[in-house]
Amino acid sequence: MRRDEIISQKLDWVTVLIYGLMVFWGWLNIYSATYDETQSIFDLSLNSGRQMMFIIASIVLILAILIIDMRFYETFAYFIYGGVLFLLLLVPFIGKEVGGNRAWLGFGSFGVQPSEFAKFATALVVAKYIGTIGFRMDNLRNQIILFAMIGAPILLILLQKDYGTAMVFMVFLLVFYREGMSPFLLLVGLGMAVIFILTLLVENNWILFGIIAVAWAITIYFNRRKKIKRLIIITAGALVLAFTITSVEFIFNNLLEEHHQKRVMVLINPELDQLGAGYHVYQSKVAIGSGGFFGKGFLKGTQTKLKFVPEQYTDFIFCTIGEEHGWVGSLFMVALFMALLLRVVYLAERQKNRFARVYGYSVACILFFHFATNIAMTIGLFPVIGIPLPFFSYGGSSLLSFTVLLFILLKLDAHRMHVLQRL
């Protein structure tokens, strides 16, 4: 049987169908967000026309991914990762600035955002390392190497001042947990995030110190008969949370830029600066709320047409969906994402090869972070950090990178199904 016949028979067409629906609907909403009745949806001067070209490029890329032997992705994982890191290293020196961030490499009129492709490259290298023979997650050396693998792109992206994209790589902690890492780091990380917000909300920090002390005492009491190592770890976690309280003011005033500070404060107080830092979120909620139950109809949105919502075709594309398709359309979009995420988890779980399984869970975590953060951002539950909605937001780098991320998994799964049939 020829390779193309194997691919067509064993490819998970349910996932492909969901992907196609998302990309097509996203394309329509990009057109609607910048609708001009005098121009066609295919007009290359419009974002919809350019997105169509990105979709065609994605189809070509999909065919290439499916034709290439599946062993290529595991064999060359380190080379792909190293190449993307090299591109990230070049950005601060020769990159061009777009939207206030120097995060793009320009080639004439064409530009590419290496940080988008760093996601699938990191997923490949993490899966490659965890998939090596004899790997143990409870080995300290292995943990250090894995944290270095996700830390390198984070540091290089932070140099670009793209804090939102840098945060995406933290989801690999969930993958590590799935493969056997202690939940301690996850709990401490979540605790640090909660403490950070509470420190901004509560004027008297001694209240928070007291809560941590009480929680530490109770935990120590119920674990008093455990090994001394566990008690030391619990105490270290409490000290890290206490240190977080004392460092919040320094981090907020010295490490965050002024516009990031304002976005955090707007999250805490939505009524603050609605004509400035809070303008995006305020107009976003107005647009979504104006859609009602069934929406205003395709191409009939007023908030987006009159450009009240900035970036309504990129980071705030959900506003267009909410306004024109209402609660019903928003629910359908969320259902599509949930179906995709559940399908990806299902594909990951049925992999016998550890490399493929770890890669599958990496795909699920990255997609979930983007989906959840983007929606939360547009409805005021998370600071505005410039996270696109996968397969919906306008942008070539975004669409191509998510397409590569997803279809490498589908290629790995198709190979597995072919092997099972032969057996």
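The values are calculated or read from the model by the stated rules, or taken from the named source; none is laboratory data. Just so it is clear, the structure is predicted and the values come from calculations on it, not from any experiment. Methodologically, a virtual Cβ is constructed for each residue, glycine included, from the backbone with ideal geometry; neighbour enumeration extends over all protein chains shown. Note: accessible area is taken over every heavy atom of the protein model, side chains too, but ligands, DNA and RNA are not part of it. Shrake-Rupley method; radii C 1.70, N 1.55, O 1.52, S 1.80 Å.
Here region 208-257 is assigned +1 on the Cβ of each Lys and Arg and -1 on the Cβ of each Asp and Glu. Its dipole about the Cα centre then comes out at about 700 debye. A cut-off under 13 angstrom between Cβ atoms defines the neighbours of residue 358, and their net charge, with Lys, Arg +1 and Asp, Glu -1, is +2.
How high is the relative contact order of region 128-237, in percent, counting Cα pairs under 8 Å that sit 6 or more residues apart? Don't skip to the answer; put the middle values down first.
Working: 40 pairs, mean separation 17.7, N = 110.
Taking the mean separation of contacting Cα pairs over the length of region 128-237, I get 16 percent.
For region 204-261, the gyration tensor built on C-alpha atoms gives a prolate shape. Its axis ratio a/c (a ≥ b ≥ c) is at least 1.5, and a/b is the larger of a/b and b/c. For region 36-43, putting each phi into the Karplus relation 6.51 cos²θ - 1.76 cosθ + 1.60 with θ = phi - 60° gives couplings of 9, 5, 8, 10, 7, 4, 8, 4 Hz, in residue order, rounded to whole numbers and with x for Gly and Pro.
By the gyration tensor of its Cα atoms, with a ≥ b ≥ c the square roots of the eigenvalues, what is the shape of region 153-261: rounded for a/c under 1.5, prolate for a/b over b/c, or oblate? Oblate. One way to sum up the overall shape of the chain is the equivalent ellipsoid from its Cα gyration tensor, whose semi-axes run 35, 32, 20 Å, largest first. A simple spin-label model places the labels of residue 148 and residue 16 4.1 nm from each other, with each point 7 Å out along Cα-to-Cβ. For residue 330, neighbours were defined as the other residues whose beta-carbon sits under 11 Å from its Cβ, and their charges (Lys and Arg +1, Asp and Glu -1) total -2. In the chain, helical runs assigned H by DSSP with n ≥ 4 each contribute -39500 (n - 2.57); averaged across all residues and rounded to the nearest 500, the mean residue ellipticity at 222 nm is -23000 deg cm²/dmol. Put the Cα centre of region 181-199 next to the Cα centre of region 278-316 and the gap is 34 Å. Remark: region 1-94 is approximated by an ellipsoid whose semi-axes, taken from the C-alpha gyration tensor as √(5λ), come to 31, 24, 10 Å, largest first. Take every pair of alpha-carbon atoms less than 8 Å apart whose residues are at least six positions apart; their mean separation over the length of the chain yields a relative contact order of 26 percent. 3J(HN,Hα) along region 294-301: 9, x, 8, x, 4, 6, 10, x Hz, from the Karplus curve 6.51 cos²θ - 1.76 cosθ + 1.60 with θ = phi - 60°, whole Hz, x for Gly and Pro. Find how many whole Å separate the alpha carbon centroid of region 373-403 from the alpha carbon centroid of region 343-365. Comparing the Cα centres of region 343-365 and region 373-403, I get a distance of 23 Å. Within the chain, helices built from complete DSSP H runs that reach 27 Å or longer along their own axis (Cα positions) and carry a mean Kyte-Doolittle hydropathy of -0.5 or higher are 13-33, 47-67, 228-250, 317-349, 354-378, 396-422. Rolling a 1.4 angstrom probe over the chain with all protein chains present gives an accessible area of which 69% lies on carbon and sulfur atoms. Of the residues 149, 53, 333, the one with the largest accessible area comes first in the ranking 53, 149, 333, computed with a 1.4 Å probe on protein heavy atoms.
In this view, the solvent-accessible surface of residue 161, computed with a 1.4 Å probe and all protein chains in place, comes to about 100 Å². In region 1-160, Cα pairs under 8 Å separated by at least six residues give a relative contact order of 17 percent. Restriction of the trypsin sites (Lys or Arg not before Pro) in region 319-398 to DSSP coil positions whose beta-carbon has at most 16 other beta-carbons within 10 angstrom yields 350, 352.
I'd like the chymotrypsin sites (Phe, Trp or Tyr not before Pro) in region 28-121 restricted to DSSP loop residues with at most 12 other Cβ atoms within 10 Å, sorted by number.
Loop-located and lightly packed - 42.
Comparing 199, 314, 122 in a Gaussian network model of the chain (Cα springs below 10 Å), the most mobile by mean-square fluctuation is 199.
Loop-located chymotrypsin sites (Phe, Trp or Tyr not before Pro) in region 287-396 (DSSP state other than H, G, I, E, B) with a sparse environment of at most 10 neighbouring Cβ atoms within 10 Å: 293. Would you work out if region 192-339 is rounded, prolate or oblate? Take a ≥ b ≥ c from the square roots of the eigenvalues of the alpha-carbon gyration tensor; rounded if a/c is under 1.5, else prolate when a/b is larger than b/c, oblate otherwise. Prolate shape, in that a/c is at least 1.5 and a/b is the bigger ratio. Take each peptide in 163-169, 257-263, count the other Cβ atoms within 10 Å of every residue, and average; sorted highest first, the result is 163-169, 257-263.
When the chain is treated as a Gaussian network with alpha carbon springs shorter than 10 Å, the biggest mean-square fluctuation among 188, 112, 264 belongs to 188. Here the Gaussian network model covers the chain, with springs between Cα atoms less than 10 Å apart; of 136, 102, 225, 225 fluctuates the most.
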